[in-house]
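Report on the structure given below.
The values are calculated or read from the model by the stated rules, or taken from the named source; none is laboratory data. Bear in mind the structure is a predicted one, so any value in this text is a computation, not a measurement. Neighbour counts run over all protein chains shown; Cβ positions are idealised from the backbone, glycine included. Remember, those area values only see protein heavy atoms, side chains included, never the ligands or the DNA or RNA. Shrake-Rupley method; radii C 1.70, N 1.55, O 1.52, S 1.80 Å.
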Amino acid sequence: MLVLLGGGSTSYASIAIHGDRATAGYWTERNLDGEKLCLTREEIIALNQTMREKITSLTDLMNYAQTVDGATLKELILGAQQDFRGESEPGEHYDKGGSPIRQYDYYVAQGNCNLEAVPASFDVRYGVVTMRTNMRLLPTSKYYFDDKSFQHYDDLQGTALDPCEPLLVLHTSKDGAFAFAIGRYYKGWVSLGAIGFTDRAVWEKYVSPENFLVVTDHKKKVHVGGAWNVLFQMGSIIPLKSSVPQGGFYQAIIPVEINGHLSEAVVPVKVDSTVNLGYLPCTPNNFVRQSLKFLGDVYGWGGMEESVDCSSFVQDIYRSMGILIPRDADQQELAMNHSVSLAGLDTAARYQKAAEAPVGALFFKPGHVMFYLGKDAKGNFLVIHSASSYFTFAGNKSKKHYIRRVLVSDLNFQNGKAVRTIDGMTSIGSCF
């Protein structure tokens, strides 16, 4: 995630590149080996296992312990609080109405973790997400904005979960409204109303379905019985009754929560370009095509506003091909199979390292990640990313501009210290 808060103007066009260079066709035509596999399915499976062993934010759900001790659970709950861990006060935060978060409200939210009720040991429960929902650092639905007039960054927002995501449920909040859960990429508090509980055998079919669709559009809504829509984001997995479509439609299994229990609806999903039977082939051109499908989408901190921030943007691209990288940018940087440090390099050397990177590599700087498209016809290095803000400078004065869009740019835009992006990058990473 990239978050740069405070007052500022909104400017989208000033660093965004438009025209042909912001289209998939421009880049796929330049990739002579663009349809060649970067990784086979077997290599991707091995890569995912390596990343899970290296990065603690990733969890091998299928092989997670079925019984957990209380001390482990308490540490998981405290760890999920991130910057709020050990903090006795809420700091300067505001709710949706712009009122300061009171000390009492913060005390209630911390107490709602219900740590005193954690048993010495307990059996894990199995749940499935039934609607797009939030995973929070604390069990509260109250917003924690640190700017009362710019309410796009909720500091308690961890991530958003897609429907059909399997969860390990370890604890319940004191008010009975939230569950502390472990997902594939994140740990935190989820509204109990968005979870359908089931037995392990059924749950395993969501962890590793035999037949499934992968959402390949940036967003997709599935209509359930004409009653409601279920929103999925790129890379989501939707289990199928069969891999064979009937009359131009797949028979998808959509989870439904009824009184806390998991039920299932069989829903027709049209055979079209918004879904794929199984993961997309892992090729340079598929990386590019997937990335450009988000172009122009709003920046969504932690999945807010039904959108993506910088790290969920690249995560969604990668997971549409079955590569399960971590959720947050700092963890993604650590997880890369191949990593080139840029520490101590001058600008020319940094560009040389960028020139050696494959299409689809990730460019990291503190708190931000960008997806590498390649060099354009004039030799400019271009990236696509979900960008929050940038700065311009006139004399001794700086001006902050909020972009809050997925856009294509070069590497010349500056941060608050007047450092160009190319010079502030820490590493270049790739999984292939």
Would you say F180 is in contact with a Phe, Trp or Tyr (Cβ under 6 Å, 6 or more places away or on another chain), open to solvent by less than 20 Å² (accessible area, probe 1.4 Å), modelled with pLDDT of 95 or more and not in a loop (DSSP other than H, G, I, E, B)? yes
Please specify each residue of the stretch 186-195 satisfying the condition of being open to solvent by 30 Å² or more (accessible area, probe 1.4 Å) and either closer than 24 Å to P209 by Cα or among the hydrophobic types (A, V, I, L, M, F, W, C) (or both). K187, L192, G193
Please find, among V214, V207, the residue that is in contact with a Pro (Cβ under 8 Å, 6 or more places away or on another chain) and among the aliphatic types (A, V, I, L, M). V207
Might you check whether a residue that is closer than 30 Å to V169 by Cα and crowded, with 17+ Cβ neighbours inside 10 Å occurs anywhere in the stretch 33-40? no
Determine if the stretch 316-331 includes at least one residue that is surrounded by fewer than 24 Cβ atoms within 10 Å (Cβ to Cβ), touching a residue at least 24 places away in the same chain (Cβ under 8 Å) and part of a strand (DSSP E or B). no
With respect to the numbered conditions (1) outside any helix (DSSP H, G or I); (2) under 25 Å from V383 (Cβ atoms); (3) acidic (D, E), which one is the sole condition not fulfilled by E87? (2)
The listed residue being closer than 16 Å to L156 by Cβ and touching a Cys at 6+ places or on another chain (Cβ under 7 Å), out of I77, I44: I77
Name the residues in the stretch 332-356 that are among the polar types (S, T, N, Q) and either farther than 14 Å from S430 by Cα or assigned to a strand (DSSP E or B) (or both), would you? S339, S341, T347, Q352
Can you name the residue in the stretch 54-77 that is over 24 Å from the mean Cα position of the chain (by Cα) and over 20 Å from P139 (Cα atoms) and, of all such residues, is surrounded by the most Cβ atoms within 10 Å (Cβ to Cβ)? V68
Restricting to the stretch 78-97, name every residue that is of a type outside the set (S, T, Y), free of Cβ contacts under 8 Å to residues at least 60 places away in the same chain and loosely packed, with under 14 Cβ neighbours inside 10 Å. R85, G86, E87, E89, G91, E92, K96, G97
Which pairs have Cβ atoms under 9 Å, sit 6 or more apart or on different chains, and link a residue in the stretch 122-134 that is under 15 Å from S208 (Cα atoms) to one that is modelled with pLDDT of 95 or more and open to solvent by 70 Å² or more (accessible area, probe 1.4 Å)? Y126/D199
Taking M51 and the conditions (1) open to solvent by less than 20 Å² (accessible area, probe 1.4 Å); (2) within 30 Å of K148 (Cα to Cα); (3) not in a loop (DSSP other than H, G, I, E, B); (4) not hydroxyl-bearing (S, T, Y), which numbered condition does it fall short on, given that it satisfies the others? (2)
Does L47 satisfy the condition of being hydrophobic (A, V, I, L, M, F, W, C), at pLDDT 95 or above and within 24 Å of the chain's Cα centre (by Cα)? yes
